[in-house]
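My structure is below; once you've seen it, I'll send some questions.
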Amino acid sequence: MTAEGRFGPAELAISVIRLAAKFPFVRTEIIGKSVMGKPIYALKMGEGPFRWHFNGGCHANEWITAPLLLRFLADYAEACAAGGTVGGRMAVPLYRKTTLWVVPLVNPDGAELVQSGLPPGHPYYRELLRLNGGSADFAQWKANVRGVDLNDQFPAHWEEERARRQTNGPGPRDYGGPAPLSEPEARALAEFTMRLRFDAVLALHTQGEEIYWNYRGLEPRCARQWAHAMADASGYAPVYLEGSDAGYKDWFIQTFGKPGFTVEAGRGENPLPWSDFAPISERLNRLLAAALDLAPPVS
């Protein structure tokens with residue numbers, strides 16, 4: 001982490017290496033690559049039968065979700081090693097009953113663009129400048145480097161979401177691409193999910209301090225109860241959401257019929273300032289630990 005609070009692909013790679021070196025029980029894997037060839041990392045913790053998945057950094061200007069997830073993992077690993085607590089819960093029992101896979105940064109190219117800007121030698125320099133209305137300020141950019149919103153990329157009523165968005169071409173936000181899973185980042189996440197067939201997933205975004213837990217009535221009966229348990233732990237609001245499709249948790253619920261959640265961390269305007277990191281992390285750790293604790297106990 002730099003003094004300025006920057007956290008892009010380079011900082012992520014360093015953090016992953018350090019975390020795995022300090023805690024040998026943290027396993028790392030590369031599940032795919034971005035448009036620009038940057039690795040998309042996954043980290044594994046736990047030995048239990050219930051498979052949880054958390055991901056973040058899907059939207060470029062929500063890059064702060066990546067270090068938030070890394071902070072939770074580091075605190076969780078430290079608590080496991082010391083026999084202590086994470087988010088107010090004993091860590092070792094969580095480790096024994098769950099296997100957690102975390103993808104901290106789904107959109108590394110976009111996160112780098114938002115934080116570092118557009119250097120003249122960038123392969124997509126002219127196109128990105130045009131898509132951004134000629135502005136060199138990419139602070140509000142949500143999409144990947146090809147101008148596709150990765151959280152509108154999943155095959156869950158994708159056509160309806162595209163019609164609702166009324167965005168017919170690439171740009172900073174809201175374009176779902178030429179077809180579902182056209183982008184390597186979304187495709188890597190979908191293939192990873194199909195391979196490991198998680199029992200529950202949580203996609204971390206910013207902002208609003210809300211938990212979305214339903215999708216077209218396809219969610220399991222426990223989903224509302226689980227959302228309220230996470231809300232009780234964090235102070236976030238559980239929200240029944242309608243009129244939204246093609247997101248990762250939408251696709252997961254539709255495909256597997258298992259609990260899927262989108263959590264909007266923090267409050268303010270994206271990108272949230274680094275000064276918000278510590279207070280967001282403290283409440284988010286409680287929410288994520290509560291999520292792990294929802295797994296059925298080991299028999």
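Round to a whole angstrom and tell me the spacing of the C-alpha centers of region 233-275 and region 129-145.
24 Å
Another question, if that's okay. Can you pull the percent of the chain's accessible area that's carbon plus sulfur, 1.4 Å probe, other chains left in place?
50 percent
Dipole size in debye (nearest 20) for the chain around its Cα centre, Lys and Arg Cβ +1, Asp and Glu Cβ -1?
With Lys and Arg at +1 and Asp and Glu at -1, about 740 debye.
Please give me, ordered by residue number, the GluC sites (Glu not before Pro) of region 179-280 that lie in loop per DSSP and have at most 16 other Cβ atoms within 10 Å.
Those satisfying the criteria are 242, 269.
Next question, about the same structure. May I ask for the net charge around residue 263, where only other residues with Cβ less than 10 Å from the Cβ of residue 263 are counted and Lys, Arg are +1 while Asp, Glu are -1?
So the environment of residue 263 carries a net charge of -2.
Tilt of helix 184-196 relative to the longest C-alpha principal axis of the chain, in degrees (0 to 90, nearest 10)?
Helix 184-196 sits roughly 20 degrees off the main axis of the chain.
Also, quick follow-up: Which ³J(HN,Hα) values, rounded to whole Hz and listed in residue order, are derived for region 284-293 from phi using the Karplus coefficients 6.51, -1.76 and 1.60 in 6.51 cos²θ - 1.76 cosθ + 1.60 with θ = phi - 60°, glycine and proline given as x?
5, 4, 5, 5, 5, 5, 5, 4, 4, 6
Right, something else. DSSP loop GluC sites (Glu not before Pro) in region 1-109 with at most 13 other Cβ atoms within 10 Å of their Cβ, which ones?
4, 47
Name the residue farthest towards the positive end of the dipole of the chain from the options 212, 85, 155, assuming +1 on Cβ of Lys and Arg, -1 on Cβ of Asp and Glu, about the Cα centre.
85
While we're looking at this one, here's another question. Could you give the size of the charge dipole of region 222-284 about its Cα centre, using +1 on the Cβ of each K and R and -1 on the Cβ of each D and E, expressed in debye and rounded to the nearest 20?
My answer is approximately 220 debye.
Round to a whole angstrom and tell me the spacing of the C-alpha centers of region 147-215 and region 73-102.
29 Å
Which entries in the list 33/142; 142/249; 22/44; 44/97; 38/97 go over 21 Å, if you measure between the two C-alpha atoms of each?
In this structure, 38/97 lie more than 21 Å apart at Cα.
Rounded to the nearest 10 degrees, what's the angle between the helix 65-82 long axis and the longest principal axis of the chain, both from Cα atoms, 0 to 90?
20 degrees
With a cut-off of at most 11 other beta carbons within 10 Å, and DSSP calling the residue loop, which trypsin sites (Lys or Arg not before Pro) in region 77-148 qualify? Please list them.
Taking region 77-148 and a limit of 11 other Cβ atoms within 10 Å, no loop trypsin sites (Lys or Arg not before Pro) are found.
Residue by residue through region 107-114, what is 3J(HN,Hα) from phi via Karplus (6.51 cos²θ - 1.76 cosθ + 1.60, θ = phi - 60°)? Round to whole Hz and write x for glycine and proline.
10, x, 4, x, 4, 5, 4, 4
Which residue fluctuates most in the GNM of the chain (Cα springs below 10 Å): 33, 22, 44?
Top of the fluctuation ranking is 22.
Next question, about the same structure. Taking a ≥ b ≥ c as the square roots of the eigenvalues of the Cα gyration tensor of region 137-281, is the shape rounded (a/c under 1.5), prolate (a/b larger than b/c) or oblate?
Oblate is the answer for region 137-281, as a/c is 1.5 or above yet b/c matches or exceeds a/b.
OK, next. Per residue, how many Å² of accessible area does the chain show with a 1.4 Å probe?
Counting only protein heavy atoms, the per-residue value for the chain is 40 Å².
The values are calculated or read from the model by the stated rules, or taken from the named source; none is laboratory data. Source: prediction; values computed, not measured. Because the Cβ atoms are built from the backbone with ideal geometry, glycine has one as well, and the counts that use them run over all protein chains shown. All accessible areas refer to the heavy atoms of the entire protein, side chains included, with ligands and DNA or RNA removed. Shrake-Rupley method; radii C 1.70, N 1.55, O 1.52, S 1.80 Å.
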